[in-house]
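Visitor: Quick one: the structure is below, and I'll ask about it shortly.
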Amino acid sequence: MLYKFLQDQSIQNRPMKLIYQYIYQNGSVSRADIIHHTKLNRGKVARSLKELLDKDYIEVEGQGDSEGGRPPALYQINPRVSYIIGIQMTRWETKIGLFDLMLNKINEKSIMMTPKHPPEIVIGEIKNTITGFMKTHHFTVNDMLGIGIGAIGPLDSQKGIILHSEPFLALSWENVPIVDHIKNEFPVLVKFDNAANTIVLGEYKNNQAYKNILNVTVGWTWGCGVILDGKLLKVESGDLSGYGHMVINMDGKKCFCGKRGCMTAYTSMYVILDRIKECSPTFYHEKLEGFSPVDQIHHIVVEQDVLTKEVILDSAKYIGVGVANLATVFHSELVLVNGPLINQYPGYFEEIIHHVSLNINDQTNIQFSKGNFQREPGVLGAAVQVLDSFINA
């Protein structure tokens, strides 16, 4: 099985593994290409290619251009010899995706998160979904390369634990060893990281012309993922909340962290809802109070309440300041701004970018774009982390 082959660190397996990784990273390569780039001798390459073909790990894709003799065979990986599961867990939704080895999405399922979705229910549905994928697409756990999970923090990525329940609607998400739960059912590699990181990895996969990418997600909290020189900027603790507690006004509003003037104190959905309640109480009590997060956002977008619009667009200037600061620090070439309201509320993204332009030193080499929030890049990014553990290790 591919999983064991790629995990095998023995000296005997290294040449064949090196050849497989080269084929994966370059695709449609000839035997001469492999010999030239891996520096392995002709006989070892020939034997390794035969074994990889016999195991269905690679396949002949076609023939290259002839240089006077027989056209050379071109090799590529077999994308359906193994599968990857990507999972993204947010406040309002858990999404599970099935991918082949080329990261083409084969299937997906969403689980809406409500106050009636404690860990045992959600984890049970995740397990059932993966089992369903296996039955539908006719593969077993031995054909699974791994499972990637991106979850909103705070979390302990090393121990595989979701630490606190505050970001979730159900209150029992406290010290949940989610990786152990998944591995007990599916004994494969499980990668676990903050959703901000998996989101930016998914965005990077879709925007590989850029080597410095900043992805900012503004919802109930702030999440930031950073690609710097083509590599994910890792925070080993898994706690990325510090970005949201960047101070933009020393004498500003008090944040729940105890400081004054944090980004979160001006821009989180909690703050926006509190301000709507204060400025437009009738709208708040009729359309927002007691509704699920998805319904709250839907009502805000559809109803277009005048006072609510003022509240939302006012928060844009603070997001703009924060994004400008981060883009400057990380020399970002592509800045993606994500979030349920940012993606759906008319004029919100444009207002944010206007305030970025007012507060950034030089934006001539920066591309700004809405992130693919609705397409959940974090599911793809979670799968990327699994694949990178084997191919780019």
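Visitor: Of everything in the range 173-207, what is modelled with pLDDT of 95 or more, polar (S, T, N, Q) and not in a helix (DSSP H, G or I)? Give them in sequence order.
Guide: Across the range 173-207, there are no qualifying residues.
Visitor: Next question, about the same structure. What tally of residues in the range 51-82 results from selecting those that are of a type in the set (Gly, Ala, Ser) and in contact (Cβ under 8 Å) with a residue 12 or more places away in the chain?
Guide: Taking the range 51-82 and keeping what is of a type in the set (Gly, Ala, Ser), we get 62, 64, 66, 68-69, 73, 82.
Subsequent filtering for residues that are in contact (Cβ under 8 Å) with a residue 12 or more places away in the chain retains 62, 64, 73, 82.
So the count comes out to 4.
Visitor: Based on what the data block shows, is Ile352 aliphatic (A, V, I, L, M) and either in contact with a Gly (Cβ under 9 Å, 6 or more places away or on another chain) or crowded, with 23+ Cβ neighbours inside 10 Å (or both)?
Guide: yes
Visitor: When you go through Ile85, Ile126 one by one, which is the residue that is touching a residue at least 60 places away in the same chain (Cβ under 8 Å), β-branched (Val, Ile, Thr) and surrounded by 18 or more Cβ atoms within 10 Å (Cβ to Cβ)?
Guide: Residue meeting the stated conditions: Ile85.
Visitor: To continue, here is another question. Look through Thr308, Thr282 and report the one residue that is open to solvent by less than 60 Å² (accessible area, probe 1.4 Å) and among the β-branched types (Val, Ile, Thr). Before the answer, list the steps.
Guide: Values: Thr282 fails: open to solvent by less than 60 Å² (accessible area, probe 1.4 Å).
Exactly one residue qualifies, and that residue is Thr308.
Visitor: Suppose the filter is surrounded by fewer than 23 Cβ atoms within 10 Å (Cβ to Cβ) and without any contact (Cβ under 8 Å) to a residue 40 or more places away in the chain; does Met112 pass it?
Guide: So Met112 fails the test.
Visitor: With the condition being among the small types (Gly, Ala, Ser), I'd like the helices (runs of 4 or more DSSP H) fully within the range 1-106 carrying at least 2 qualifying residues.
Guide: Correct list: 42-54.
Visitor: Failed condition for Tyr210, given (1) open to solvent by less than 50 Å² (accessible area, probe 1.4 Å); (2) part of a loop (DSSP other than H, G, I, E, B), with all others met?
Guide: Only one criterion in (1) open to solvent by less than 50 Å² (accessible area, probe 1.4 Å); (2) part of a loop (DSSP other than H, G, I, E, B) is unmet by Tyr210, namely (1).
Visitor: Let me ask something else about it. Which one is farthest from Trp220 (Cα to Cα), of the residues in the range 330-377 that are modelled with pLDDT of 90 or more and charged (D, E, K, R)?
Guide: Out of the qualifying residues, it is Glu333.
The values are calculated or read from the model by the stated rules, or taken from the named source; none is laboratory data. Since we're looking at a predicted model, the values are computed, not measured. Quick reminder, even Gly has a Cβ in these numbers, built from the backbone with ideal geometry, and neighbours come from all protein chains shown. With ligands, DNA and RNA removed, areas are computed over all heavy atoms of the protein, side chains included. Shrake-Rupley method; radii C 1.70, N 1.55, O 1.52, S 1.80 Å.
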